[in-house]
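Everything below concerns the one structure shown next.
Rule-based calculations on the coordinates, nothing more; no lab input. Being a predicted model, the structure only gives us computed values, none of them experimental. A quick note on method: Cβ atoms are made from the backbone with ideal geometry, for glycine too, and the neighbour counts reach across all protein chains shown.
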Amino acid sequence: MTTWITICDTCRREDRKAGDMARTDGEALAELIEAAAEGTGVRTRRVSCLMGCKRACNVAVQAPEKLAYALGGFEPTRAVAEAIVAYAVAHAESGTGQVPFRAWPEAVKGHFVTRLPPLEPGA
Ligand code: FES
């Protein structure tokens, strides 16, 4: 099953610097994640708002029949994008979607917001 990273491309961080109003922080993070995910097998998609606006930037990591996670409070940097993709690759390699804490990239620690169990097949 393919793991997807869903990226909110309308997130704007509170510490956003005035002057760069043309592009949201979410768009910046989406571009970095899309680049980092190339060739990994992890897929990406953008949405407008994951309802975590107060803790921008937000992403979700999901796959059919696996635990799903929402993460937030990210800065749009290359290091953050690479950590999110590395976590998603580990999610893809896991049978259940549960990645052992010791395998979490440092930059995702403290950013988990929710964990959602998968629906039962046929639900
Ligand atoms: S604008 Fe990104 S979660 Fe609402």
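Observations, loosely collected:
- Cα long-axis angle, helix 78-93 against the chain (0 to 90 degrees, to the nearest 10): 10
- Binned Cα-Cα distance frequencies in the chain - 10 Å width, integer %: 14, 48, 30, 7, 1
- Sorting the segments 69-80, 40-51, 3-14 by their residues' average number of neighbouring beta-carbon atoms within 10 angstrom, most packed first, yields 3-14, 69-80, 40-51.
- Using C-alpha pairs under 8 Å with a sequence gap of at least 6, the mean separation divided by the residue count of segment 51-123 gives a relative contact order of 38 percent.
- One chain, two ends: M1 and F112. Fully extended at 0.36 nm per residue, the span grows by 37.8 nm beyond their Cα-Cα distance.
- The charge dipole of the chain, taken about the Cα centre with unit charges on the Cβ atoms of Lys, Arg (+1) and Asp, Glu (-1), comes to about 280 debye, rounded to the nearest 20.
- Computed Rg/Rh of segment 74-123, alpha carbon atoms with Kirkwood Rh: 1.03
- Per-pair calculated FRET efficiency, R0 = 41 Å: A123 and E31 via Cβ, rounded to 0.05: 0.70
- In this structure, T96 and K54 have a Cβ-Cβ separation that, at R0 = 30 Å, corresponds to a calculated FRET efficiency of about 0.50.
- Formal net charge of residues neighbouring A36 (Cβ-Cβ distance under 11 Å; K, R +1; D, E -1): -3
- Database remark: amide H of V47 closer than 5 angstrom to the amide H of I7, C8, D9 (H placed geometrically; neighbours at sequence offset of 5 or more, or on other chains; Pro and chain starts carry no H).
- Here the contact order of the chain, divided by its residue count and restricted to Cα pairs under 8 Å and six or more residues apart, works out to 29 percent.
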